[in-house]
Amino acid sequence: MRPLFTRTIAPAVAALATLATIPSVSVANSEAAQARTQTAPATASATTSRAASTAPKTFRMTVNPKATKAADGTVYAKREGFVGGRFSNAEIPAGGDVRGTRDDALYRPEWVFAHGWRKAVANGTYDVTLKMREAYFDKAGRRVFSVDAEGRRVLTDVDIYKAVGKNRAYDRTFRVAVSDGRLDLGFSAKVNSALVSAIVVKPVAAARPAAPAPQAQGVTGSWKLAFADEFTGTTLNSKIWTPHRGLEPYTYGHPYNADLDAYAFDPSRVSVRDGHLRLSWDPTPRTVRNSSGPPTTTYPYTAGVAHTGKGFAFTHGFVEARIWVPQTRGIWPAFWMLSTPVDKNWPPEIDIAEIIPDDTPDGLDKPHFNYHFKDSAGNNRQAHWKWYGQEGRSYAGAWHTYGLLWEKGKLQVFLDGKPGPSYTGAEVTNDPMYVVLSSGVRKGYSPAAGTMLVDYLRVWRRG
């Protein structure tokens, strides 16, 4: 039988050492000539002809002279299109990293003293992201610059150090409309020089008629949508979500069950991209500080978690998420709920879907349902640990919807709109609960790095 869950709710404080940067600069020729000979879809060059393909496409570019692969496997093309400037590869000492990102390779190289950047694109509207890092200066006001796009000021007085400090990833995104077949950026320095490490140009989808309100799958009656996050932006809504355990300013990285978990949490493994919340894990050791026992504990993996305890909780209703997890043994993806206030009381806990192969008759990944509560004597109890779904079918490697109908005295889970196990009894909580979405790795396993995707989270109430 699978060991019982015991979630650790006592707060702790995570601490990681930060290493200083030692920049080294190499000088390269201006890329203006390269920009003039860049091939466009038409026979003329990118700078002399404004013609471009009719379908807008996402373009990602590093300032490195060679293409670079991001941590999630996305390829950034080698640099092109700069007008003026030079290359600076400010390396970090061995064992160090760029804070706030897993993509050190994107943020270490820099193009400095640029006057402009050009790229042939299809006419349309784009979100342009500049990826930057301050590796040289140690105080605010030492590097200040502005950015123009298509002749319009889009960023004013950018000061990377003032915004995030030294050696930390810093992204700025702006929207620009292109009508002449070429995206033109201009850089103007107020103090020292402009700096950029990578550029992402992403087309903005044309506005469409409003879609009807989404409907809960599998339940009958009249329901009103009370909360929805479709993850269509580039970051989590910080008024609702916390990409860590606890709440600011007392967040921490300890796993929920140190007896079974082989990972610690870190916000760098939580991101929003391409319409999905992404919760990743990888074999990077993570050390956390303990409030009791040994001063620190080091876990072999780092993973991502996000919860709504800061800005959204509810009592009774229907909650649903559409989730994809890879077919990888040893991971622990979960969709579950805890009671508010955050870290004050446990149980109750509602495990809607923990997608693992334990106790399944075919050894395949399936969602599991459980409910933790206190009995009348104050003892911690759990209803049952029950897999659900079809025998002979794995629920990893494909998208599925997981739902929970929560009513007074009853809990009922749903899978792709069909009812699964339920629990009925006076022990069913009426406390406000918040949602937790978590990745992770189990002790005794060594899976490769991977990512759990969440397409949406929605909550309905009757009415």
For segment 368-391, enumerate the residues that are out of contact with any Pro (no Cβ under 9 Å at 6 or more places or on another chain) and surrounded by fewer than 17 Cβ atoms within 10 Å (Cβ to Cβ). ASP375, SER376, ALA377, GLY378, ASN379, GLN390
Quick check on my filter: what residues within segment 94-129 are part of a strand (DSSP E or B) and touching an Asp or Glu at 6+ places or on another chain (Cβ under 7 Å)? GLY116, ARG118, THR129
Could you tell me whether any residue of segment 299-312 is in the same structural domain as VAL436 (by TED's automatic domain parsing), of a type in the set (Phe, Trp, Tyr), farther than 18 Å from VAL454 by Cβ and modelled with pLDDT of 95 or more? yes
How many of the residues making up segment 171-209 are part of a strand (DSSP E or B), touching a helix residue (DSSP H, G or I) at 6+ places or on another chain (Cβ under 9 Å) and either at pLDDT 95 or above or among the polar types (S, T, N, Q) (or both)? 2
Consider segment 58-73. How many of its residues are surrounded by 12 or more Cβ atoms within 10 Å (Cβ to Cβ) and assigned to a loop (DSSP other than H, G, I, E, B)? 8
Just to be sure, is SER394 outside any strand (DSSP E or B), surrounded by fewer than 20 Cβ atoms within 10 Å (Cβ to Cβ) and at pLDDT 95 or above? yes
Please note which strands (runs of 3 or more DSSP E) are completely contained in segment 314-367 and include at least 3 residues that are buried (at least 18 other Cβ atoms within 10 Å of the Cβ) and among the charged types (D, E, K, R). 349-354
Subset of segment 118-150 (residues that are more than 13 Å from PHE59 (Cβ to Cβ), among the acidic types (Asp, Glu) and either out of contact with any helix residue (DSSP H, G or I) (no Cβ under 8 Å at 6 or more places or on another chain) or buried (at least 21 other Cβ atoms within 10 Å of the Cβ) (or both)): GLU134, ASP148, GLU150
If the requirement is being at pLDDT 95 or above and in contact with a strand residue (DSSP E or B) (Cβ under 9 Å, 6 or more places away or on another chain), which of these qualifies: ASP351, ASP358, ASP375, ASP362? ASP351
Name the single residue that is surrounded by the most Cβ atoms within 10 Å (Cβ to Cβ) among those in segment 242-286 being closer than 14 Å to THR297 by Cα and among the acidic types (Asp, Glu). ASP261
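The values are calculated or read from the model by the stated rules, or taken from the named source; none is laboratory data. Here the structure is a predicted model, which is why all the values come from computation and not from measurement. Cβ sites come from the backbone with ideal geometry, for glycine too, and all protein chains shown count toward neighbours.
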